[in-house]
Amino acid sequence: MNRTLLLFLLFFSNTILAQDKITTSKGTIVFEASVAFFEAVTAKNDQVHCVLNASKGHISFIAYIREFRFERSLMEQHFNENYLESDRYPKATFKGIIEKFDLKNITTTSKTHYIKGKIYIHGKSKGIRVLANIIKTKTGIKITTNFSLNTDDFKIEIPFMVRNKIAKEVNVSVDMDLK
């Protein structure tokens, strides 16, 4: 009897703990580094992994650099080989916390929260704090944010030949449907 009760409690506690984590492997990051009057420099990665510990507000992202898709394959090749060096630095990560996050307060009305943490790109890390919109959906939670990153902060060198065609300030959009 005691063994059965213990097994039941262990199973039940693992089920409760599993519900604290809300995840996706189909999140989207789009970045744009275009300069006026030149060809658009935009890429999209819709294979971003994200985990939210709903009870603590801890959040993490992993984006594999080779999953960013450009309109032109040559641009994608230069991005992977020359700028982000994806063989050497295969992923970008973020680990942080959603400030003042309480799952009970998330509703179908969008609320803004700050997300604070460290972003790691190209072998360099930087502390960031960005404003994000969080909304409850039928299947989970949707998190969206837009912010800028500077290529110099991550030692991403832009060759002199194209320096005036690629912005140092890169606009980043993040869209996660966590379930």
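The values are calculated or read from the model by the stated rules, or taken from the named source; none is laboratory data. The structure displayed is predicted, hence computed values, not measured ones. Reconstructed Cβ throughout: ideal geometry from the backbone, glycine too, with neighbour counts over all protein chains shown. Just the protein is used for accessible areas: all its heavy atoms, side chains included, with ligands, DNA and RNA removed. Shrake-Rupley method; radii C 1.70, N 1.55, O 1.52, S 1.80 Å.
With unit charges on the beta carbon (Lys/Arg positive, Asp/Glu negative), name the residue among GLY96, THR108, SER73 whose Cα is farthest towards the positive pole of the charge dipole of the range 65-119.
Farthest along the dipole direction, towards plus: THR108.
Could I have the simple spin-label model distance between ASP46 and LYS138, label points 7 Å from Cα toward Cβ, reported in nm to one decimal?
1.9 nm
Nearest 10 degrees is fine. How inclined is helix 2-19 to the longest principal axis of the chain, computing both from alpha carbons?
That helix lies at roughly 30 degrees to the long axis.
How big, on average over all directions, is the shadow cast by the Cα convex hull of the range 132-179, in nm²?
Directional mean of the projected Cα hull area for the range 132-179 stands at 4.3 nm².
Where the only charges are on Cβ atoms (+1 Lys, Arg; -1 Asp, Glu), what is the dipole of the range 43-100 about its Cα centre, to the nearest 20 debye?
280 debye
Could you state, as a whole-number percent, how many of the C-alpha pairs of the range 46-132 are farther apart than 14 Å?
Within the range 46-132, distances greater than 14 Å cover 69 percent of Cα pairs.
With a 1.4 Å probe and all protein chains kept in place, how much accessible area does HIS49 have, in Å² rounded to the nearest 10?
Accessible area, nearest 10 Å²: 80 Å².
Using alpha-carbon pairs under 8 Å, 6+ residues apart, how would you state the relative contact order of the chain in percent?
Computed value for the chain: 22 percent relative contact order.
Per residue, how big is the convex hull of the chain when only Cα atoms are used? Give it in Å³.
146 Å³
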